[in-house]
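K.L.:
One structure, pasted below without further comment.
The values are calculated or read from the model by the stated rules, or taken from the named source; none is laboratory data. Not measured: the values here are computed from a predicted model. In this analysis, Cβ positions are derived from the backbone assuming ideal geometry, glycine residues included, and neighbour counts consider all displayed protein chains. For the accessible areas, the whole protein counts, side chains as well, though only heavy atoms, and no ligand, DNA or RNA atoms are used. Shrake-Rupley method; radii C 1.70, N 1.55, O 1.52, S 1.80 Å.
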Amino acid sequence: NMASGQQWVLVEMVQAFYEAPAYHLILEGILILWIIRLLFSKTYKLPETYRLTEKEKEDLIEEWQPEPLVPPVSKDHPSLNYDVVTGPPSHNIIINGKECINFASFNFLGLLDNERVKQKALTSLKKYGVGTCGPRGFYGTFDVHLELESRLAKFMKTEEAIIYSYGFATVASAIPAYSKRGDIIFVDEAACFSIQKGLQASRSFIKYFKHNDMEDLERLLKEQELEDQKNPRKARVTRKFIVAEGLYINTADICPLPELVELKYKYKVRIFLEESMSFGVLGEHGRGVTEHFGVNIDDIDLISANMENAVASIGGFCCGRSFVIDHQRLSGQGYCFSASLPPMLAAAAIEALSIMEEDPGTGFLLGKVQHVHKALQGTPGVKLVGVPLAPALHLQLEKSSGSRDSDMQLLRSIVDYCLERNVAVTLARYLEKEERFLPPPSIRVVVTVEQTDEDIQKAVTCIRDAASALIK
């Protein structure tokens, strides 16, 4: 029965072969031949080699022009010409051999030249030596590091703190420790460069919102919520963060923290706060922007700040809940791979914290900031940028010439005019090719508790005169 079935199939095939149109058979025949040819032919041809003569080789080498490793930079580029400081950069600073009143260093609380701080650093230097020559996990953890961490946690009223040996590396290490590829970070457009580097290292999906614009942020959060509803499985494993600064170094204004916290709970995201400019400056005790607004510090998932401004040491710290901070001890790059903070700088920071606890000095500083802010209003040709809470204000040109370089040169001539008359202010500097949103050129004016009313009057007069004389 099976055999007759097979015969029937063969008969049908032969019949179909006879009935098929001629062009069909020709096409099939060509295809079969083509397949046979492909199976038996070599798949490649050896190219005919042509050997260059020695002279031809030399000529080619002679003609070859390598791409420049870096773009050419003119010798008079401002970054290649330093203003050299001799002596401590405290209230009176010697720049290029000239003594000036310092309106340029971030020594907000005047602790840089404090005798008590220097004494503690000196004692520590004699006890431990200079460096540590090892990261925290490799005999780089000293008793002073642990003391500083517990003092910072106590000062900030958080469960735990972690210190880094370099201010810039603090937030740049903290962000990628938590946010990974596939996670989403909502960031203010005015975020400083160390935050930008942290974002880059995290490889997360970055969404920028307009500076301090809570409506724009909420629009992005709403869009994300709709995306999450479409794909709930993906949403469950995607972490979401908002990153903001307390006081923005590039714009000298304050973040609307209460609104940020509201959005945090409404859309279930985490908040990271960079407080390098506001730590030691805002709030009754100098605890920063949370204390200033009366926001519960536990509502903020992570606070980071450097110890290079108000604390007048080196390094940075992060603080928050213990389980959050401990994670950085395992995956904060700057913590795990850099030699730990020199003990004398940790000792100096501890003493600075003690002084801040005894007498915060924030109210006194705020009074000076408001004085400078008011006095600089209406300077001809320049506009003052910043809130009367920020100790580092910006002066920008009212009318740009249209060329960034010539704007910078004009502002630099104002800085030089002031330096000539013993007032030290500085240009704000940026890595122009690297910045995500490049701020306009500006002069930075830094206010500290050490500046007297006469100093402020002198500096303001000097800046006004310079602007009148130089801005056409």
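K.L.:
Determine how large the accessible area of Arg404 is when every protein chain is in place; take a 1.4 Å probe and give Å² rounded to the nearest 10.
P.N.:
60 Å²
K.L.:
Tally the DSSP beta bridges in region 115-358 and give the antiparallel ones as a percent, rounded to 5.
P.N.:
The antiparallel proportion sits near 35 percent.
K.L.:
Something else now. With Kirkwood's inverse mean 1/r over C-alpha pairs for Rh, give me the Rg to Rh ratio of the chain, two decimals please.
P.N.:
1.23
K.L.:
Still on this structure, I have one more. Mind jotting down the distance between the C-alpha centroids of region 426-472 and region 209-278, whole Å?
P.N.:
31 Å
K.L.:
After finding the eigenvalues of the alpha carbon gyration tensor for region 5-123, what semi-axes result from the square roots of 5 times each, listed largest first in whole Å?
P.N.:
Equivalent ellipsoid of region 5-123: 90, 32, 15 Å, largest first.
K.L.:
Run the numbers on the chain and let me know its relative contact order in percent, using alpha-carbon pairs under 8 Å that are six or more apart.
P.N.:
For the chain, the relative contact order is 19 percent.
K.L.:
Could you state the angle between the C-alpha long axis of helix 54-63 and the longest principal axis of the C-alpha atoms of the chain, as a value from 0 to 90 degrees rounded to the nearest 10?
P.N.:
On a 0 to 90 degree scale, this one is about 40.
K.L.:
State in Å² the accessible area per residue of the chain; use a 1.4 Å probe, count heavy atoms of protein chains only, and round to the nearest integer.
P.N.:
Ligands and nucleic acids excluded, the result is 56 Å² per residue.
K.L.:
OK, next. For the charge dipole of region 1-156, defined by +1 on Lys and Arg C-beta atoms and -1 on Asp and Glu C-beta atoms about the Cα centroid, which residue among Val11, Phe142, Leu80 has the Cα displaced farthest towards the positive pole?
P.N.:
Checking the options against the dipole of region 1-156, the answer is Phe142.
K.L.:
Let me ask something else. Report, to the nearest whole %, how much of the accessible area of the chain belongs to carbon and sulfur atoms, 1.4 Å probe, protein only.
P.N.:
Result for the chain: 58 percent of the exposed heavy-atom area is carbon or sulfur.
K.L.:
Restricting to DSSP H runs of at least four residues, report the calculated mean residue ellipticity at 222 nm for the chain, -39500 (n - 2.57) per run over all residues, nearest 500 deg cm²/dmol.
P.N.:
Only helices count here, giving -14500 deg cm²/dmol.
K.L.:
Something else now. Given an 8 Å cut-off on Cα distances and at least 6 residues of separation, report the relative contact order of region 133-267 as a percent.
P.N.:
Worked out over region 133-267, it gives 21 percent.
K.L.:
May I ask you to give the average projected area over all directions of the convex hull of the Cα atoms of region 428-472, in nm² rounded to one decimal?
P.N.:
Value for region 428-472: 4.8 nm².
K.L.:
Could you state the number of Å between the C-alpha centres of region 102-175 and region 361-384?
P.N.:
30 Å
K.L.:
If you line up the Cα atoms of region 315-448 on their principal axes, what length do they span on each, largest first, in Å?
P.N.:
On the principal axes, region 315-448 reaches 51, 39, 28 Å in Cα extent.
K.L.:
In addition: P(r) of region 115-358 in 10 Å steps, Cα pairs, percent per bin?
P.N.:
Per 10 Å bin, starting at zero, the Cα-Cα P(r) for region 115-358 comes out as 8, 33, 35, 18, 6, 1, 0 percent.
K.L.:
Pairs to check: Lys383/Lys472; Lys98/Lys458; Lys98/Lys374. Give those whose C-alpha atoms are more than 19 Å from each other in this structure.
P.N.:
Long pairs (Cα-Cα over 19 Å): Lys98/Lys374.
K.L.:
Got a number for the accessible area of Leu52? Probe 1.4 Å, square angstrom, nearest 10.
P.N.:
About 80 Å², ignoring ligands and nucleic acids.
K.L.:
How long is the gain from Glu12 to Asp59 if the chain were fully straight, where each residue apart is worth 0.36 nm and the alpha carbon distance is subtracted?
P.N.:
9.6 nm
K.L.:
Quote to one decimal, in nm, the extra length available between Asn422 and Ala20 on full extension: 0.36 nm per residue of separation minus the C-alpha distance between them.
P.N.:
Here the segment from Asn422 to Ala20 would lengthen by 134.4 nm.
K.L.:
Hey, what did region 189-270 get for relative contact order, percent, Cα under 8 Å, at least 6 apart?
P.N.:
32 percent
K.L.:
Taking Lys210 as the anchor, which aspartates and glutamates have their alpha carbon closer than 17 Å to its alpha carbon, excluding any fewer than eight residues away along the same chain?
P.N.:
Straight-line reach from Lys210, under 17 Å: Asp188, Glu189, Glu218, Glu223, Glu245, Asp253, Glu259, Glu435.
K.L.:
Working from Cα positions, state the angle (0 to 90°, nearest 10) between the long axis of helix 214-230 and the longest principal axis of the chain.
P.N.:
It works out to around 30 degrees.
K.L.:
Met344: accessible area at probe 1.4 Å, nearest 10 Å²?
P.N.:
Rounded to the nearest 10, the figure is 50 Å².
K.L.:
What share of the DSSP beta bridges in the chain is antiparallel, in percent to the nearest 5?
P.N.:
In the chain, DSSP labels about 60 percent of beta bridges as antiparallel.
K.L.:
Straight-line reach from Lys399: which aspartates and glutamates have Cα under 16 Å away, leaving out those fewer than 8 places along the same chain?
P.N.:
Asp407
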